[in-house]
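The values are calculated or read from the model by the stated rules, or taken from the named source; none is laboratory data. All figures in this text were calculated on a predicted structure; none of them were measured in a lab. Cβ atoms come from the backbone with ideal geometry, glycine included; neighbour counts cover every protein chain shown. Accessible surface areas use protein heavy atoms only, side chains included; no ligands, DNA or RNA. Shrake-Rupley method; radii C 1.70, N 1.55, O 1.52, S 1.80 Å.
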Amino acid sequence: MESSPSRAPQAPPPVTAPSSERAVAVAKALAAKGAKMYGAFWCSHCFEQKQALGKEAMTHITYVECAGDGVDSQRKACLATGIPGYPPWVIGKDFYSGEQSLAELESIAAGRTIPD
């Protein structure tokens, strides 16, 4: 019996939107706080979040791929962290679920609480 060929790991779509200076500053502030964005290559909300920040800003963000068949998958880390859905932002033990606006990310980076 032949085994089926294994699929190559899937990469997320490339971020093509340019970043504003503000988005780059927010990304750098988030990175300084150790923020991580968790996601999956197939997640449209993850892609939209990345596009909202833009390609230059995303070079400063730690992105963790949670899909088991994604490129550089860190599925075990995602499960251990208890990721409830995509895309959450995690800073320390604080979770910020769903897509965040630039203003919300700016507040998170500044340590201000954002309304639910």
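Of (1) farther than 30 Å from R7 by Cα; (2) part of a helix (DSSP H, G or I); (3) open to solvent by 10 Å² or more (accessible area, probe 1.4 Å), I108 satisfies all except one. Which?
Unmet condition: (3).
Of all residues in the range 60-100 being closer than 16 Å to F47 by Cβ and out of contact with any strand residue (DSSP E or B) (no Cβ under 6 Å at 6 or more places or on another chain), which is most open to solvent (accessible area, probe 1.4 Å)?
E99
Considering the range 5-28 alone, what residues qualify as being open to solvent by less than 60 Å² (accessible area, probe 1.4 Å) and either basic (K, R) or in contact with a His (Cβ under 6 Å, 6 or more places away or on another chain) (or both)?
Result: A27, single match.
Is there any pair linking a residue in the range 86-112 that is within 18 Å of R75 (Cα to Cα) to one that is open to solvent by 30 Å² or more (accessible area, probe 1.4 Å) and of a type in the set (D, E), with Cβ under 8 Å and at least six apart or on different chains, and which?
Partner pairs satisfying both residue conditions: P87/E99.
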